[in-house]
Amino acid sequence: MQMSRDELIGAYRRMATIRQFEMRLHDEIKSGEIAGFTHLYCGQEAAAVGVCDHLDDDDYIVSTHRGHGHCIAKGCDVKGMMKEIYGRRDGLCKGRGGSMHIADLSKGMLGANGIVGAGAPQAVGAALSAKLDRKGKVAIAFSGDGACNQGTTFEAMNMAVVLKVPAIFVFENNHYSEHTGVDYAVGTNRDIASRAEAFGMKAWRANGCDYFDTYSTMRELLDHVRGGGGPAAIELDTERFYGHFEGDPQRYRGPGELDRLWAERDCLKNFRARVGEGGLLDLAELDRVDAEVSQLIDEATSEARAAPPPDPAHVAEDVYVEY
């Protein structure tokens, strides 16, 4: 796989932005200024970036309750996201959606979703519109190992095959559906990708903690879908480093489990090792990226804290649609 120096730095910048954004939220939530539940994406950065690096603004994605990483990978404005999470007027959704409902249609980000498995039918609808437009665009439904057990997901996969739409089902298997391990929650055949294959679509598998494996596998998958091969699925084996939600004590984790994951399955650490050992980049360049991202997150946080809340006089706006 050939990637230019600028492409490699860009990929690292997006992953580092997700990591620092989430780690800052992990600290900021303790202040009590952020309302509602927050589900952090930390640990899964290579999955979102490896997928979205093949997309442009006209390709669609539908996200999950753990959606900040997908938003950033798809190009959503980081400062607008932070303001949205803080419930500010200048947030991407005017401060009304919060962490679990960030959307930016100008980037093809159709929204995060607090209902497990609810994004798959939306993605099929978006894929149908892409098919009718005939511009070679795709629609991606991100979901986790929990959503693979939902009836909405099964119905959406079947409909995608029936309609032959360019829908892609990305299953990020981080091994926990909320607090329940995948070994318990998923049936005897724990190969989630094979469920998609049962509907008649082609499925791929990749290491979601390895940016390069995710990126190259997605390129093959997208060639298939954009070339008229019909819908497809991919299972990404990945990890989440924080709890299901902020405040989750994670008592379901085994002894030393998190320490092992940080040491062995940190996608940013693995990326740095790969490009450093291969002589693809000078690690000092990545250190500069880290510093620039840190400044961006500092600015986003301070601006969000200072930004005004929504005006109650506008509470009825954007609620109803007139045709």
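No lab work stands behind these numbers, since they all come straight from the coordinates. Since we're looking at a predicted model, the values are computed, not measured. Quick reminder, even Gly has a Cβ in these numbers, built from the backbone with ideal geometry, and neighbours come from all protein chains shown.
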- Note on the structure: Computed, not fitted: 222 nm per-residue ellipticity of the chain from DSSP H runs ≥ 4 (each -39500 (n - 2.57)), nearest 500, equal to -13500 deg cm²/dmol
- Message: Number of Lys pairs in the chain with C-alpha atoms less than 17 angstrom apart, excluding same-chain neighbours closer than eight positions?
- Response: 13
- Task: For a quick protection proxy, order the peptides 235-248, 2-15, 164-177 by their average other-Cβ count within 10 Å, most packed first.
- Result: 164-177, 235-248, 2-15
- Can you give the net charge of the other residues whose Cβ lies under 13 Å from the Cβ of LEU128, counting K and R as +1 and D and E as -1? +3
- Item | Cα-centre dipole for the range 5-304 with unit charges at Cβ (Lys and Arg positive, Asp and Glu negative), debye to 20 | 840 debye
- Query: Which Cα, out of PHE212, GLY247, LEU261, lies furthest along the positive dipole direction of the chain (beta carbon charges, K/R +1, D/E -1)?
  - Reply: PHE212
- Task: With viscosity set to 0.692 mPa s and temperature to 37 °C, compute the Stokes-Einstein D of the range 122-244, Rh being the Kirkwood radius across alpha carbon pairs; µm²/s, no decimals.
- Result: 225 µm²/s
- Pick out, from VAL225, GLN2, ILE102, the residue whose Cα sits farthest towards the positive end of the charge dipole of the chain, with +1 on the Cβ of Lys and Arg and -1 on the Cβ of Asp and Glu. VAL225
- Protection proxy (average C-beta count within 10 Å per residue), highest first, orders 27-33, 294-300, 107-113 as 107-113, 294-300, 27-33
- Can you run the Rg to Rh ratio on the range 1-71? Use alpha carbon positions and the Kirkwood inverse-distance Rh. 1.03
- Message: In the range 5-304, if the dipole is taken from +1 on Lys/Arg beta carbons and -1 on Asp/Glu beta carbons about the Cα centre, which of CYS93, GLY181, ALA11 is farthest to the positive end?
- Response: CYS93
- Query: Mean 1/r over all different Cα pairs, inverted: what Kirkwood radius does the chain give, in Å?
  - Reply: 20.0 Å
- Message: Between the range 15-49 and the range 141-219, how far is it from one alpha carbon centroid to the other, in angstrom?
- Response: 23 Å
- Averaged over all viewing directions, the convex hull of the alpha carbons in the range 80-143 casts a projected area in nm² of 4.5 nm²
- Note on the structure: Summed over the other residues with a beta carbon less than 15 angstrom from that of HIS54, with K and R at +1 and D and E at -1, the charge totals -3
- Note on the structure: Correct semi-axes for the range 210-323, from √(5λ) of the alpha-carbon gyration tensor and rounded to whole Å with the largest first, are 34, 27, 21
- Task: Find how many whole Å separate the alpha carbon centroid of the range 274-299 from the alpha carbon centroid of the range 65-100.
- Result: 24 Å
- Message: What whole-number volume per residue, in cubic angstrom, does the convex hull of the C-alpha atoms of the range 1-125 give?
- Response: 109 Å³
- Query: Say R0 is 45 Å: what FRET efficiency, to the nearest 0.05, do ASP56 and ALA35 get from their beta-carbon distance?
  - Reply: 0.85
- Item | Calculated diffusion of the range 103-180, Stokes-Einstein form, Kirkwood radius summed over Cα pairs, 25 °C and 0.890 mPa s, µm²/s | 191 µm²/s
